[in-house]
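Presented below is the structure to which this report refers.
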Amino acid sequence: MKTALFVLLLAGPCLAADRPAYAPKRLALVRQVTDVDASPDGKEAFFVTDITGAMELWKVPANGGWPTQLSDLGEQVVSVDVSPDGKNVILASDYGGDERPDLFLLPSAGGPAENVTKSTRAETSPAYSPDGKKIAFVADPGEPFVFQLFVMDLATRRETQLTREAVNVFFPVWSPDGKMIAATRTGDDRSGDLVLVSADGRMVEYAEPPVKGGIVIPQSWSPDGKSLLTVAEDAQGFHRLYLIGDGGKGRFIGPSGWDVEHAEWHETAGIVFARNESGASALYRLRSPDAKLERLTPAKGRVEGFVLDRAGRSLFHDWSDSSHAPDAWRLDLATGKRTQLTRSMLGGVKPEELAKGEIISYPSFDGKLISAVYLKPPVARLGTPPPVVVMAHGGPDWQSFDDFHPMRQALAEAGFAVLAPNFRGSTGFGRAFLDANRKDWGGGDRKDMIAGVRYLASRGEADPKRAGITGGSFGGYSTLYALARNEGDWAAGVAAYGMPDLALDYELSKSRFATWYETMMGNPKDDAALFKERSAITYLDDLKAPLLIFQGANDTNVPLAEAELVHKRLKALGRDAGLVVYPDEGHGFSRRKNLTDYYERTVAFFSEKLAPR
């Protein structure tokens with residue numbers, strides 16, 4: 001799946017016109033928090049944050065206190081797991097965004113990080129066995145980015161490869177007795193089987209998803225180890241809790257209508273899960289599979305993941321919304337009290353002065369309702385009605401959420417209305433909507449974005465002659481294609497790591513994305529005419545609007561050569577086109593110095609190109 005940084009939009013009332021704008025550099029001081037985990041006793045929370053300028057591992061007392069930095073790798077840390085005894089932490093970290101991470105082990109009390117894999121493979125998703133003596137992880141020992149399941153004995157560092165599939169194996173989950181590992185076998189991230197593997201590699205079994213062509217993803221075993229809780233696609237195309245019992249028989253439990261994104265089953269706490277409701281997260285509980293549904297938190301903001309302590313009393317999670325930066329939180333399941341454990345709003349930024357997110361819907365060209373996160377500029381700095389920037393998310397099988405990102409606030413602060421539409425092809429709205437742009441990239445999805453600008457213009461909330469578009473990955477593709485087709489009155493665009501030539505991108509990344517591409521758009525041989533028609537490169541002579549391109553030099557997803565191709569061609573045509581390359585980034589930017597530059601250049605570019613005439 002091609003992903004992007006752009007997943008947020010904001011909305012809110014106008015404030016006093018004399019309030020100074022928060023500059024992009026100041027908003028860049030607001031730190032990010034992700035990968036929240038906890039010690040088994042619930043006394044400490046672990047999290048990844050960029051307070052030092054790079055995404056490193058930290059911890060903080062669960063009853064409040066000063067956070068402590070644990071890792072000092074200078075790179076992006078992901079996939080954190082705390083050992084069952086709480087003494088160690090395993091994590092993954094790559095090199096300059098090259099998406100070839102190694103696994104590192106470090107003491108939870110502090111100390112040097114040890115690289116336990118030291119290979120040319122990519123290793124990620126480490127998970128401790130229940131006794132803490134082993135870890136399961138996925139790695140690509142043969143074909144790059146074709147991941148298989150491994151187990152490592154931590155005492156000897158001996159590795160055992162458990163699967164040898166032609167497609168990816170993801171999401172390892174240990175059984176309570178440590179004898180089995182459940183995972184998902186998938187080629188395109190949309191469909192996939194359940195894989196059950198013995199920890200010694202002697203037995204591999206498969207279970208098809210309950211709906212043909214769907215996917216099943218393991219979440220948590222029952223406390224007695226007799227059942228497996230998964231998330232599977234139901235008949236309506238939503239990801240729903242699916243319980244597999246003895247004999248492999250399964251049944252759906254809990255509500256449908258929106259996607260369940262993460263679930264845990266605990267002997268005391270019951271089944272706790274996060275549900276994405278039109279781009280906003282809510283936490284729920286079932287005390288048993290057939291119990292009455294309990295809502296733990298309202299559908300507001302974004303929860304990306306959570307973990308329960310060993311006693312099942314506390315739930316640790318991240319949370320943000322459009323005007324509140326992501327932080328680590330603790331939820332007391334007995335009282336419902338939520339405690340904020342970190343404070344990410346640095347730089348004197350006041351949440352009450354920022355734009356507030358509003359989830360809206362509007363009719364597209366064919367009457368289909370499109371959900372979007374929308375913001376009004378807090379202060380009218382660029383005229384009334386204001387210019388609008390459409391933020392195209394990545395994927396396309398991804399979604400815009402009501403969460404926090406400094407770029408969005410920087411644009412709103414500068415005076416832009418911002419619209420992040422969940423155009424057809426987005427996740428979270430059922431299978432029919434997800435499949436609505438198959439073999440139609442740049443078709444209905446692009447028209448959905450144009451319809452969003454026209455909708456805001458019809459309400460007097462945006463100037464359609466001052467409309468910009470931006471995004472990364474598929475959002476970068478959307479930006480390039482929208483400007484090249486020269487339809488919809490786009491006045492400027494900022495494209496980050498987007499694909500200008502689908503046939504070229506297929507060839508450059510086919511070892512990783514061939515199955516996905518064939519699901520989404522076909523292949524350049526059999527669908528040559530479609531690949532040509534839906535590539536921005538075909539229409540670059542018609543691209544007249546100013547364009548700024550951002551790219552990571554180490555991008556293995558959309559390689560640098562693709563951005564250089566567009567820039568060189570447009571400069572030869574005498575067009576207004578710029579290219580910024582970050583030498584220490586990959587597919588998406590994570591270092592604060594680069595993010596600050598990215599925010600500043602983007603806001604300055606749109607402020608100049610979409611200024612009042």
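Before moving on, here are some points about what is shown:
- Listed by first and then second residue, the pairs linking a residue in the range 536-551 that is polar (S, T, N, Q) and modelled with pLDDT of 95 or more to a residue that is surrounded by 24 or more Cβ atoms within 10 Å (Cβ to Cβ) and part of a loop (DSSP other than H, G, I, E, B), with Cβ atoms under 7 Å apart and 6 or more places separating them unless they lie on different chains, are GLN551/TYR497.
- Single residue of the range 41-59 satisfying the filter (part of a loop (DSSP other than H, G, I, E, B) and either in contact (Cβ under 8 Å) with a residue 24 or more places away in the chain or over 19 Å from GLY86 (Cα atoms) (or both)) that is farthest from the chain's Cα centre (by Cα): ASP41
- Residue in the range 332-343 that is modelled with pLDDT of 95 or more, surrounded by 14 or more Cβ atoms within 10 Å (Cβ to Cβ), among the basic types (Lys, Arg) and in contact with a helix residue (DSSP H, G or I) (Cβ under 9 Å, 6 or more places away or on another chain) present: no
- Within the range 562-598, tally of residues that are in a helix (DSSP H, G or I), in contact with a Leu (Cβ under 7 Å, 6 or more places away or on another chain) and not acidic (Asp, Glu): 5
Conditions (1) buried (at least 22 other Cβ atoms within 10 Å of the Cβ); (2) outside the structural domain of ILE217 (by TED's automatic domain parsing), marked per residue:
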position: GLY245; (1), (2): no, no
position: ARG251; (1), (2): no, no
position: VAL272; (1), (2): yes, no
position: ARG302; (1), (2): yes, no
position: GLU353; (1), (2): no, yes
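- In the set (1) touching a helix residue (DSSP H, G or I) at 6+ places or on another chain (Cβ under 8 Å); (2) outside any strand (DSSP E or B), the condition left unmet by GLU352 is number (1).
- Within the span defined as the range 229-237, every residue fails to be under 21 Å from VAL80 (Cα atoms), surrounded by fewer than 20 Cβ atoms within 10 Å (Cβ to Cβ) and in contact with a helix residue (DSSP H, G or I) (Cβ under 8 Å, 6 or more places away or on another chain).
- Of the residues in the range 253-264, at least one is free of Cβ contacts under 8 Å to residues at least 60 places away in the same chain and closer than 19 Å to PRO130 by Cα.
- Residue within the range 552-560 that is of a type in the set (Gly, Ala, Ser), under 30 Å from ALA54 (Cα atoms), touching a Phe, Trp or Tyr at 6+ places or on another chain (Cβ under 8 Å) and surrounded by 19 or more Cβ atoms within 10 Å (Cβ to Cβ) present: yes
- Of all residues in the range 196-220 being crowded, with 21+ Cβ neighbours inside 10 Å and in contact (Cβ under 8 Å) with a residue 40 or more places away in the chain, the one that is nearest to GLN399 (Cα to Cα): ILE217
- In the set (1) modelled with pLDDT under 95; (2) crowded, with 20+ Cβ neighbours inside 10 Å; (3) in a loop (DSSP other than H, G, I, E, B), the condition left unmet by SER509 is number (3).
- Meets criteria (in a loop (DSSP other than H, G, I, E, B), of a type in the set (Phe, Trp, Tyr) and over 30 Å from VAL581 (Cα atoms)) for PHE429: yes
- The criterion of at least 1 residues that are touching a Lys or Arg at 6+ places or on another chain (Cβ under 6 Å) and among the charged types (D, E, K, R) is met by the following strands (runs of 3 or more DSSP E) wholly inside the range 162-228: 192-198.
- When the range 361-394 is limited to residues that are in a loop (DSSP other than H, G, I, E, B) and without any contact (Cβ under 8 Å) to a residue 60 or more places away in the chain, the one that is nearest to ARG446 (Cα to Cα) turns out to be GLY367.
- Among the residues of the range 173-188, the ones that are more than 29 Å from the chain's Cα centre (by Cα) and either closer than 30 Å to ASP435 by Cα or free of Cβ contacts under 8 Å to residues at least 24 places away in the same chain (or both) come to 1 in all.
- Test: THR184 is buried (at least 19 other Cβ atoms within 10 Å of the Cβ) and closer than 28 Å to LEU229 by Cβ: yes
- Filter pass, THR3 being buried (at least 22 other Cβ atoms within 10 Å of the Cβ) and either out of contact with any Pro (no Cβ under 6 Å at 6 or more places or on another chain) or at pLDDT below 90 (or both): no
- Criterion applied to ARG287, ARG275 was being under 19 Å from the mean Cα position of the chain (by Cα) and within 26 Å of TRP174 (Cβ to Cβ), and the one residue passing it is ARG275.
The values are calculated or read from the model by the stated rules, or taken from the named source; none is laboratory data. Being a predicted model, the structure only gives us computed values, none of them experimental. Note that we place each Cβ from the backbone using ideal geometry, even for glycine, and neighbour counts take in every protein chain shown.
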